[in-house]
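Presented below is the structure to which this report refers.
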Amino acid sequence: MQCPCCPGEHLQSRLTSAGVETDSCQRCGGVGLDKGEFFLFSKSPMVLRYYFERGLQHATPTTRHSPKSGQPMQEVPLAIDGVKIDYDPQTQGLWFDRAELDMLLKANLKLYGMWMDEQVSSTESKEQAQPQDFARLATGLTPLPNLAILSTTVFLGLFGLLILG
């Protein structure tokens with residue numbers, strides 16, 4: 001896939017520590033997300049979806065082409081002054097310039113509930129990931145509980161009730 005901003009620059013697939021695959025450009029720091037992935041990076045995905053869908057009503061054509069489909073993208077304004085993200089109507093993927101995501105994260109942390117996360121590719125370890133990497137996105141998902149401990153606790157509780165009864 002080609003970067004929509006840097007002619008001839010190939011995008012690199014990377015995984016965030018939350019397990020979401022992103023496509024990023026080494027030259028400009030831009031990041032592409034597939035359909036729906038943008039909402040995984042918010043504590044309030046419904047609020048973020050509301051502002052995004054509201055922005056879709058005011059989308060305008062752009063000269064950039066989607067890295068996935070090669071089709072022209074649209075600029076979608078969000079509720080932040082000057083933040084317009086590129087949207088591919090065919091694949092419903094999004095492209096963030098480095099400045100766009102920085103402004104989004106800094107300007108409206110409370111509105112969107114977004115924060116940073118390390119991005120790790122399959123070829124680099126977590127320690128080697130650069131802290132200033134642009135695509136350090138976060139997820140509002142909570143980790144699953146340890147099922148072995150939970151099952152043991154329930155079993156012992158039920159056994160204790162059996163003995164007492």
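The values are calculated or read from the model by the stated rules, or taken from the named source; none is laboratory data. Given the structure is predicted, the values throughout are model-derived calculations rather than measurements. Ideal geometry is used to build each Cβ from the backbone, glycine not excepted, and the neighbour counts take in all protein chains shown.
Among the residues in the stretch 56-76, are any over 16 Å from CYS6 (Cα atoms), modelled with pLDDT under 90 and surrounded by 20 or more Cβ atoms within 10 Å (Cβ to Cβ)?
So far as the stretch 56-76 goes, no, none of its residues is over 16 Å from CYS6 (Cα atoms), modelled with pLDDT under 90 and surrounded by 20 or more Cβ atoms within 10 Å (Cβ to Cβ).
Here is a check on your reading of the model: is PHE155 at negative phi and at pLDDT 85 or above? Write out each step before concluding.
On the way: at negative phi: yes; at pLDDT 85 or above: yes.
Answer is yes for this residue.
State all residues of the stretch 88-104 that are in contact with a Phe, Trp or Tyr (Cβ under 6 Å, 6 or more places away or on another chain) and surrounded by fewer than 22 Cβ atoms within 10 Å (Cβ to Cβ); if no residue qualifies, say none. Talk me through it step by step, then tell me what you get.
To start, the set of residues in the stretch 88-104 that are in contact with a Phe, Trp or Tyr (Cβ under 6 Å, 6 or more places away or on another chain) comprises 94, 98.
Result: ARG98, single match.
Return yes when GLY82 is surrounded by fewer than 19 Cβ atoms within 10 Å (Cβ to Cβ), at pLDDT 50 or above and over 19 Å from the mean Cα position of the chain (by Cα) and no when it is not. It would help to see each step written out before you state the result.
Numbers: surrounded by fewer than 19 Cβ atoms within 10 Å (Cβ to Cβ): yes; at pLDDT 50 or above: yes; over 19 Å from the mean Cα position of the chain (by Cα): yes.
Yes, satisfied.
Consider the stretch 24-44. How many of its residues are at pLDDT 80 or above and surrounded by fewer than 17 Cβ atoms within 10 Å (Cβ to Cβ)?
Going through the stretch 24-44 one residue at a time, the tally reaches 6.
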